[in-house]
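Coordinate-derived values only; no laboratory data. These numbers come from a predicted model, not from an experiment. Note: ideal-geometry Cβ built from the backbone for every residue, glycine included; neighbour counts use all protein chains shown.
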Amino acid sequence: MDKIPILRMGRFLLVTIQVDMHDRLALQLQDDLTQRIVRDRAHGVLIDISSLEVVDSFMGRMISNIAATARVLDAETVVVGMQPAVAITLVELGLSLEGVRTALNVDKGMALLREQVAAAGRT
Amino acid sequence: MGLAPALVMTAKEREVLPIRSQEDIVRVRQATRERAIVQGFTLVDQTKIVTAASELARNTLQHGGGGDVTFELLNAGSRRGLRLVFTDKGPGIPNVELALRDGFSTGAGLGLGLSGARRLSNEFTIESRPGEGTRVAITRWR
C-alpha cells in the first residue's frame, strides 16, 4: 500500500487517510492531490483524518501545504474528523494549522465546502 | 539493522529500536503507543508521548543521520512512566538553546520538533557535542 486513494465526488476530491503514513507517503499524497485538483478541475478537497491517531509537525505541515496549494489553484480545503486527543496534542505541540478549515465530520465538511464554493459564485 | 529488537533487549523493561529509515519512524510511533498502553496512560497522554517520539525519531534520522531509541518502562512505587532515549552519532547541535526555540529549523520542517517534544513531555534532557552526536531523553508519567 504505497498510495493514498483520492476519490472524486462531483466537483470535490475526497481523501480518507487510514494508515499511519511515513513521510514519503505524506509527500506523495500532497503531490497527487495537487495534480488531481488541476486534472479534475476540482473546487474543493475534503481530507478525513478520523482514523489518524497521531498528527505530528511533519503531517501538520503537509496538511497546511495542501490547503495553501489548493487555494492557489482556486480550490477550498476542509479537514474533518480530527480526534480530540490529536487536537489537544497539536495545540501543545505549537501547531495551529493556520489557514486550514476544519469540520467535525464528513457531513459538516461537505456542507462547509458547498457553502464556500457557493460563496465564491461557482455553484 | 541485522539484530531483531528482541535480541537487543537487555531487560524486560528496556528495549532498543533502530532509526534508519522513514519506516522506522512509523515503527517507533507504534512501539511507543504499545508501551504507553502497557503503562496505563490515558489516550491523551498516549497521543502526547507518541507525537513527541515521532518528532524526535525524525530528528534522529534527518539531523543525526540515523541512530536508535531506547524504551524504558518506569515503575517507581505507584508511579508509572515511560522514558525514551534517542541517540545518534551525527554532527551534533552547535547551539542547543537556539535549537530549542520555536520556529528554529535547519531542515525543511516547522522547527517545532525539539521544542514541541519538550512541551509534550514531563521531563526532557538534551546533550549534544559537535562532531560526536546527540542524546535526547524524554519521560512522561502517568
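Just so you know, in the range B:25-40 the residues that are more than 9 Å from chain A (Cβ to nearest Cβ) and out of contact with any helix residue (DSSP H, G or I) (no Cβ under 7 Å at 6 or more places or on another chain) include one that is surrounded by the fewest Cβ atoms within 10 Å (Cβ to Cβ), and it is B:Gly40. Residues being under 13 Å from B:Leu82 (Cβ atoms), hydrophobic (A, V, I, L, M, F, W, C) and facing another protein chain (nearest Cβ under 7 Å): count how many of those fall in the range B:43-62. The total comes to 1.
Of all residues in the range A:61-76, those satisfying the criterion of being under 13 Å from A:Leu27 (Cα atoms) and within 14 Å of another protein chain (Cβ to nearest Cβ) are A:Arg61, A:Met62, A:Ile63, A:Ser64, A:Asn65. You will find that of A:Gly44, A:Gly94, the residue that is farther than 19 Å from B:Lys48 by Cβ and of a type in the set (Gly, Ala, Ser) is A:Gly44 and no other.
Could you please give the count of residues in the range A:61-78 that are within 27 Å of B:Gln22 (Cβ to Cβ) and part of a helix (DSSP H, G or I)? Count: 10. Picking from residues in the range A:26-44 that are touching a helix residue (DSSP H, G or I) at 6+ places or on another chain (Cβ under 9 Å) and surrounded by fewer than 19 Cβ atoms within 10 Å (Cβ to Cβ), the one that is farthest from A:Arg61 (Cα to Cα) is A:Thr34. Selection of the range A:30-60 for residues being in a helix (DSSP H, G or I), of a type outside the set (S, T, N, Q) and within 14 Å of chain B (Cβ to nearest Cβ) yields A:Phe58, A:Met59, A:Gly60.
Per-residue answers, yes or no, for (1) free of Cβ contacts under 8 Å to residues at least 60 places away in the same chain; (2) within 17 Å of A:Arg61 (Cβ to Cβ); (3) in contact with a Lys or Arg (Cβ under 6 Å, 6 or more places away or on another chain):
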position: B:Ile25; (1), (2), (3): yes, yes, yes
position: B:Lys48; (1), (2), (3): no, no, no
position: B:Gly66; (1), (2), (3): yes, no, yes
position: B:Phe71; (1), (2), (3): yes, no, yes
position: B:Gly77; (1), (2), (3): yes, no, no
position: B:Lys89; (1), (2), (3): yes, no, no
position: B:Leu98; (1), (2), (3): yes, no, no
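From the list A:Ala68, A:Ala119, the one residue that fits, being free of Cβ contacts under 8 Å to residues at least 60 places away in the same chain and more than 12 Å from the chain's Cα centre (by Cα), is A:Ala119.
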